[in-house]
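Worksheet for the structure shown next.
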Amino acid sequence: MAQLAHLCVYRFEPGAVFEGGLLAAVERMELGDDGKLLDALFVTRDAATGALQAVGLGATGADTTLASLLDFRLDPGRRAAVTERTLAEHPGGVPRPLVEAIAASLERGAAVLAVLYAVPAPAVLEDAVARCGGRLIADEPADASTLAEAGERLRTAVAS
């Protein structure tokens, strides 16, 4: 059953420097009490190769979510495996066609972060986005409990 949540989508232009701060902020949101993180998805195109790279909270079971974020953030060699797991069909995961559509809208080196949460985004996320040079492209209520349920809104935000 869907619940009233909030969808924020951020875009990062080529050349954005992440240095782990953005995914670390999502990790803190997941662990902290200051916001109820429902789902998150990070999609980028590798600056050198143009390869799709993605990590999503809904793509793995709760017991491996944090490990996937850490692998993606800290181990470039594991990003392909994390991306494949994100693209695989999982209950609650963002459907592969939507992840691929998001990636198709990106230039090499660009990225999108979509976050669905139950209360206002904690300052830690807003600070991390600002440090990385990201900009907010969507900020709206969503009658959803997963990004898959908010898929059309996410697609529209990224396409605009």
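The values are calculated or read from the model by the stated rules, or taken from the named source; none is laboratory data. The structure presented is a predicted model; accordingly, all values stated were derived computationally and were not measured. Every residue, glycine among them, receives a Cβ derived from its backbone with ideal geometry; neighbour counts consider all protein chains shown.
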- Item | Number of the exception - residue 79 against (1) at pLDDT 80 or above; (2) out of contact with any helix residue (DSSP H, G or I) (no Cβ under 6 Å at 6 or more places or on another chain); (3) outside any loop (DSSP other than H, G, I, E, B); (4) not polar (S, T, N, Q) | (2)
- Could you grab me the full set of residues in the range 139-149 that are crowded, with 18+ Cβ neighbours inside 10 Å and under 26 Å from residue 14 (Cβ atoms)? 147
- Task: Report, ordered by the first and then the second residue, all pairs with beta carbons closer than 7 Å, sequence separation of six or more or different chains, a first member in the range 88-107 that is over 17 Å from residue 137 (Cα atoms), and a second member that is aromatic (Phe, Trp, Tyr) and in a helix (DSSP H, G or I).
- Result: none
- Which residue pairs have Cβ atoms under 6 Å apart, sit 6 or more places apart or on different chains, and have a first residue in the range 141-153 that is among the hydroxyl-bearing types (Ser, Thr, Tyr) and a second that is assigned to a helix (DSSP H, G or I)? 146/58
- Consider residue 71 carefully, then state whether it is modelled with pLDDT under 80, of a type outside the set (Ser, Thr, Tyr), in a loop (DSSP other than H, G, I, E, B) and at negative phi. no
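Here is a yes/no grid of residues against (1) at pLDDT below 90; (2) surrounded by fewer than 22 Cβ atoms within 10 Å (Cβ to Cβ); (3) of a type in the set (A, V, I, L, M, F, W, C); (4) farther than 21 Å from residue 25 by Cα:
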{"position": "83", "(1), (2), (3), (4)": "yes, no, no, no"}
{"position": "89", "(1), (2), (3), (4)": "yes, yes, no, yes"}
{"position": "97", "(1), (2), (3), (4)": "no, yes, no, yes"}
{"position": "112", "(1), (2), (3), (4)": "no, no, yes, no"}
{"position": "120", "(1), (2), (3), (4)": "yes, yes, no, no"}
{"position": "123", "(1), (2), (3), (4)": "yes, yes, yes, no"}
{"position": "136", "(1), (2), (3), (4)": "no, yes, yes, no"}
{"position": "156", "(1), (2), (3), (4)": "no, yes, no, yes"}
- Task: State the number of residues belonging to the range 5-36 that are within 24 Å of residue 144 (Cα to Cα) and at pLDDT 85 or above.
- Result: 7
